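These notes concern the structure reproduced below.
The values are calculated or read from the model by the stated rules, or taken from the named source; none is laboratory data. Just so you know, these numbers come straight off a predicted model, no measurement behind them. Note that we place each Cβ from the backbone using ideal geometry, even for glycine, and neighbour counts take in every protein chain shown. Only protein heavy atoms, including side chains, enter the accessible area calculation; ligands, DNA and RNA are left aside. Shrake-Rupley method; radii C 1.70, N 1.55, O 1.52, S 1.80 Å.
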Amino acid sequence: MIKVGIIGLGYWGPNLVRNFQSVNGAEVIAVADFDDNRLGKIHQLYPKIKLFKDAEELFNLSEIDAVVLATPINTHYTLAKTALLKGKHVLVEKPLATSRAEVLELIDIAGEKELSLMVDHTFLYTGAVQKIKSVVDSGELGKLQYFDSTRINLGLFNPNWSVIWDLAVHDLSIFDYISGGKKPVAVSATGVSHTQLGIENLAYISLYFEDDTFAHITSSWISPVKIRKTLIGGSNKMIIYDDVEPTEKIKIYDSGFSVSSPEDVHKWLIDYRFGDIYIPKLPQMEALKGVAEDFIGSIRDKSLPLASSESGLNVVTILEAAQKSLVNRGQTINL
Ligand SMILES: NC(=O)c1ccc[n+]([C@@H]2O[C@H](COP(=O)([O-])OP(=O)(O)OC[C@H]3O[C@@H](n4cnc5c(N)ncnc54)[C@H](O)[C@@H]3O)[C@@H](O)[C@H]2O)c1
């Protein structure tokens, strides 16, 4: 039995407690939060779980094998480092940390101590993203040409971190996964803050690659409607992934274009193809249960989880560059 401790019982932490409690071979034995009310709620549901006010006290429990961090972004690096140094396997909520340097240090420590370090890139564990990945990997899509994702809604403003650290992190993790870890060579981002906090609540990120693949991500906390829509274009087919749709989240379009005689500009012929559209049946699963199972599996089998520390590094590298560009009004940051 792998004994788990969970830190942070705010909005997201209780979901992790519930899911880890249902994983075979794992048991949540302790939780920590500064807030007594939040501890009290967990105690009502799971009276056997030990309660702590501070993460440090939980880390000192020798029987804990693994810890899960569901605390604010700026605490991830310090808490993860402390837990790893105490010999615990660590699952960190997204994003893994706040800079590439921090993530690299955590990866080094985990490697030295032979511990599992994973990040909760929840969407990788959804039926929809699993399906997209299989369509891309099978070659059905053709060469990946563009990834254009919109994730917008009204609220919840974070007083410390711009909207890209909250929302674009999901799109970047999905892109990283379906593209097989394709790395951009340059990043540019624009956006604005509408509050005295100076924290950008609306942002647009562009990613440039060595080839003609292009990615664009729109993130906003100030949209009157909730949109979670991603267009993925390939040389053979195109996908529309609408996560707000209850069942028909993915539509695969047999659409495309081809250009003939590109040598002579005057004789260019563009041929458009509008073929069938199909809606695949998706496996129904709670993504967070998949996250919890993958983390426990990675400890038990010493295997690499889908949402590995490497994918956490790729995402944080882009977020850090995008934030730098954002404050410099879209300046291109080469990676
Ligand atoms: N994967 C997802 O889809 C998803 C969704 C929401 C949030 N998140 C992530 O989860 C994390 C937490 O977000 P949230 O919205 O739940 O935050 P929150 O502010 O609602 O809760 C954080 C909790 O951590 C506690 N805390 C902070 N430092 C602590 C410490 N040292 N010891 C003990 N308790 C401590 C706070 O008291 C608070 O209750 C963030 O990284 C966020 O990005 C992920």
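Which percent of the accessible area of the stretch 263-324 is formed by carbon and sulfur heavy atoms (probe 1.4 angstrom)?
In the stretch 263-324, the share of accessible area belonging to carbon and sulfur is 57 percent.
For a distance above 15 Å, tell me the whole-number percent of Cα pairs in the stretch 113-195 that qualify.
So the portion of pairs separated by more than 15 Å is 69 percent.
With runs of 4+ DSSP H residues as the only contributors, calculate the mean residue ellipticity of the chain at 222 nm using -39,500 (n - 2.57) per run, divided by the residue total and rounded to the nearest 500.
When only DSSP H runs of four or more count, the value is -9500 deg cm²/dmol.
For the stretch 1-51, report the translational diffusion coefficient in µm²/s to the nearest whole number, using Stokes-Einstein at 10 °C, 1.306 mPa s, and a Kirkwood Rh over Cα pairs.
In µm²/s, the coefficient rounds to 148.
Under a 10 Å cutoff between Cα atoms, tell me which one of Ile239, Ile270, Ile152 has the largest fluctuation in the Gaussian network model of the chain.
Maximum among the listed residues: Ile270.
If you take the C-alpha gyration tensor of the chain, multiply each eigenvalue by 5 and take the square root, what semi-axes do you get, largest first, in whole Å?
38, 22, 19
Under the Karplus relation 6.51 cos²θ - 1.76 cosθ + 1.60, θ = phi - 60°, what is the ordered set of whole-Hz ³J(HN,Hα) values for the stretch 268-284, x standing for Gly and Pro?
So the J values, rounded to whole Hz, are 4, 10, 9, 10, 9, 10, 10, x, 6, 10, 10, 10, x, 7, 10, x, 8.
Kindly write out, for the stretch 237-244 in residue order, the coupling ³J(HN,Hα) from the Karplus curve 6.51 cos²θ - 1.76 cosθ + 1.60 (θ = phi - 60°), rounded to whole Hz, with x marking Gly and Pro.
9, 9, 10, 10, 10, 10, 6, 7
Given the stretch 173-214, what whole percent of its Cα pairs are spread farther than 13 Å?
Summing the P(r) tail past 13 Å for the stretch 173-214 gives 63 percent.
If you average the alpha carbon positions of the stretch 75-112 and of the stretch 297-335, how far apart do those two centres end up, in angstrom?
Taking the Cα centre of the stretch 297-335 as reference, the centre of the stretch 75-112 is 13 Å away.
Computing the accessible area with a 1.4 Å probe over protein heavy atoms, can you report the carbon and sulfur percentage for the stretch 1-152?
For the stretch 1-152, the apolar C and S fraction of the accessible surface comes to 51 percent.
Give the cross-link partners of Lys182 among the lysines, using a straight C-alpha distance below 18 Å as the criterion and excluding same-chain residues fewer than 8 apart.
Cross-link targets: Lys133, Lys143.
In Å, what is the Rg of the alpha-carbon atoms in the stretch 38-93, and how long is Dmax?
Using the Cα atoms of the stretch 38-93, the pair Rg, Dmax is 11.7, 32 Å.
Taking only Cα atoms and a 10 Å spring cutoff, compute GNM fluctuations for the chain and point out the largest among Gly234, Gly198, Gly297.
Gly198
Compute the orientation-averaged projected area for the stretch 28-179 from the convex hull of its Cα atoms and round it to one decimal in nm².
11.5
Residue-wise, which Karplus ³J(HN,Hα) couplings in Hz belong to the stretch 326-335, taking 6.51 cos²θ - 1.76 cosθ + 1.60, θ = phi - 60°, and x for glycine or proline?
Once θ is set to phi - 60°, the couplings for the stretch 326-335 become 4, 6, 10, 6, x, 3, 6, 10, 7, 10 Hz.
Rg and Dmax of the stretch 243-335, Cα atoms, in Å?
21.8, 63
Determine the sum of side-chain charges near Gly330: Lys and Arg each +1, Asp and Glu each -1, restricted to other residues whose C-beta is under 14 angstrom from that of Gly330.
+1
Which links in Lys131/Lys281; Lys88/Lys302; Lys229/Lys289; Lys3/Lys302 stretch past 18 Å when you go from one Cα to the other?
Lys229/Lys289
Per residue, how much accessible area does the chain have with a 1.4 Å probe, in Å²?
Averaged over the residues of the chain, the accessible area is 47 Å².
Pop out the carbon and sulfur fraction of the accessible area of the stretch 158-225 as a percent, whole number, probe 1.4 Å.
55
For the chain, take the longest principal axis of its alpha carbons; what is the angle in degrees between that and the long axis of helix 127-138, to the nearest 10 within 0 to 90?
50
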